Amino acid sequence: MVQFGYHASHEQFAPSALLGWAQQAEQAGFNAITSSDHFHPWSDRQGECGFAWSWLGAAMQATSLPFGVVCAPGQRYHPAIIAQAAATLGEMFCDRFWVALGSGQAMNEAITGQPWPIKAQRNARLKECVDVMRTLWAGETVTHHGLIQVEEAKLYTRPANPPRIMGAAITPKTAEWVGSWADGLITISHPHDKLQQVVEAFRRGGGEHKPMYLKVQLSYDPDQETALQGAYDQWRTNIFESQVLADFRVPSQFDAAATFVKPEDMYQHVRISADPQQHIEWLRRDVELGFETISLHNVNREQQQFIEVFGEKVLPFLK
């Protein structure tokens with residue numbers, strides 16, 4: 001059965017509010033939660049950015065759902081620390097936690113003051129992090145000298161089953177690469193043809209029988225214009241090509257670039273509709289592509305309304 005999750009966007013909302021909405025989402029019929037992990041928001045207008053790893057422990061205790069977080073080890077986070085954090089959540093909440101790993105974005109990682117590597121080097125660093133984390137979860141002592149440095153690290157608290165590592169990919173090229181090493185794929189919603197290309201590339205790269213997760217950016221409101229304006233206000237800074245999203249360093253740069261975005265441009269990047277049936281039809285096409293966990297991110301500010309309406313008018317027709 002496909003899981004439909006609620007996405008907790010730390011860039012947009014205080015962690016205390018997200019905690020309450022995660023509980024409401026479970027009560028409304030959502031059966032998974034995903035979490036972002038940022039240091040900066042995409043825009044100064046969004047105005048939040050809590051520490052996801054603190055929130056995860058509280059939210060998993062407050063619900064009974066499986067959780068996943070999208071994380072970029074290697075610069076802001078040492079992979080041994082992320083391995084320890086994930087192992088601790090896995091030990092406390094057996095088989096309920098997975099982690100998605102990506103090469104990161106300068107807006108979050110460049111705060112360390114270290115040089116921001118080119119994409120090829122970030123990918124190589126990510127793969128080193130994955131190997132270190134898996135070795136630590138296996139109980140081995142790790143010493144590693146490469147793009148990351150590890151000296152005689154060993155995890156003493158480990159879960160019975162190591163967390164699943166999903167590879168985060170936006171483009172077909174990256175999806176094909178993560179197919180060779182990840183336990184599964186996580187990507188974001190694109191127009192159907194482009195999303196199909198990502199899926200095919202992942203399977204071609206070695207992901208043929210591996211699970212696939214999807215994060216859907218949508219904007220729902222009973223009024224179509226309100227849904228459009230909500231998406232434009234909150235998410236117009238996050239619609240650019242991946243190389244732009246990866247290399248801008250501060251929210252003001254995203255805000256400056258978005259000066260040229262028009263409200264109608266949002267339809268190409270966010271699923272905007274006042275009709276629950278339209279959202280059902282979009283999601284059915286995602287299911288047909290083979291996604292087994294679909295996390296719904298309502299990018300506008302009206303989270304409680306979204307949870308209630310989708311719990312009543314969307315999710316029952318998809319399960």
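The values are calculated or read from the model by the stated rules, or taken from the named source; none is laboratory data. Because the structure is a prediction, the values reported are computed rather than measured. All Cβ positions, glycine included, derive from the backbone under ideal geometry; neighbour counts span all protein chains shown. With ligands, DNA and RNA removed, areas are computed over all heavy atoms of the protein, side chains included. Shrake-Rupley method; radii C 1.70, N 1.55, O 1.52, S 1.80 Å.
Identify the single condition in (1) part of a loop (DSSP other than H, G, I, E, B); (2) open to solvent by 10 Å² or more (accessible area, probe 1.4 Å) that Ala182 does not satisfy, given that it satisfies every other one.
(2)
Restricting attention to region 149-175, which residues are outside any strand (DSSP E or B) and open to solvent by 70 Å² or more (accessible area, probe 1.4 Å)?
Here is the first cut: in region 149-175, the ones outside any strand (DSSP E or B) are 154-163, 169-175.
Residues satisfying the conditions are Lys154, Tyr156, Thr157, Arg158, Ala160, Asn161, Pro162, Lys173.
Go over the candidates Ala62, Ala28, Ala72 one by one and state the one that is touching a residue at least 12 places away in the same chain (Cβ under 8 Å), farther than 14 Å from Phe97 by Cβ and crowded, with 21+ Cβ neighbours inside 10 Å. First the steps, then the outcome.
Values: Ala62 fails: crowded, with 21+ Cβ neighbours inside 10 Å; Ala28 fails: crowded, with 21+ Cβ neighbours inside 10 Å.
Matching residue, one of Ala62, Ala28, Ala72: Ala72.
Can you say whether Lys215 is of a type in the set (D, E, K, R) and crowded, with 21+ Cβ neighbours inside 10 Å, as far as the supplied structure shows? If you could, list the steps in order and put the result at the bottom.
Working: of a type in the set (D, E, K, R): yes; crowded, with 21+ Cβ neighbours inside 10 Å: yes.
Here the answer is yes, as Lys215 does meet what is asked.
Residues that are buried (at least 20 other Cβ atoms within 10 Å of the Cβ) and in contact (Cβ under 8 Å) with a residue 60 or more places away in the chain: list the helices (runs of 4 or more DSSP H) wholly contained in region 228-301 that include at least 2 such residues.
Values: elements: 242-247, 251-257, 276-289.
Filter on region 228-301 gives 251-257, 276-289.
Name, by its number, the condition in (1) free of Cβ contacts under 8 Å to residues at least 40 places away in the same chain; (2) open to solvent by 40 Å² or more (accessible area, probe 1.4 Å); (3) within 14 Å of Val99 (Cα to Cα) that does not hold for Thr187.
Going through (1) free of Cβ contacts under 8 Å to residues at least 40 places away in the same chain; (2) open to solvent by 40 Å² or more (accessible area, probe 1.4 Å); (3) within 14 Å of Val99 (Cα to Cα) one by one, Thr187 breaks only (2).
Any residue in region 198-215 that's farther than 11 Å from Gly167 by Cβ and touching a residue at least 12 places away in the same chain (Cβ under 8 Å): show its pairings with residues that are in a loop (DSSP other than H, G, I, E, B) and among the polar types (S, T, N, Q) at Cβ separation under 8 Å, as long as the two are six or more apart or on different chains.
Val198/Thr171; Leu214/Ser189; Lys215/Ser189
Considering only region 191-212, state which residues are open to solvent by 20 Å² or more (accessible area, probe 1.4 Å), within 28 Å of Asp265 (Cα to Cα) and either part of a helix (DSSP H, G or I) or in contact with a Gly (Cβ under 9 Å, 6 or more places away or on another chain) (or both).
His192, Asp193, Lys194, Gln196, Gln197, Glu200
Given the conditions (1) open to solvent by 70 Å² or more (accessible area, probe 1.4 Å); (2) not in a strand (DSSP E or B), which single one is not true for Thr143?
For Thr143, the failing item is (2).
Just give me the residues in region 39-54 being open to solvent by less than 20 Å² (accessible area, probe 1.4 Å) and closer than 19 Å to Met166 by Cβ, in sequence order.
Across region 39-54, the qualifying residue is only Ala52.
For region 237-259, name all the residues that are over 23 Å from Arg122 (Cα atoms) and either at pLDDT below 95 or of a type in the set (Gly, Ala, Ser) (or both).
Ser252, Ala256, Ala257, Ala258
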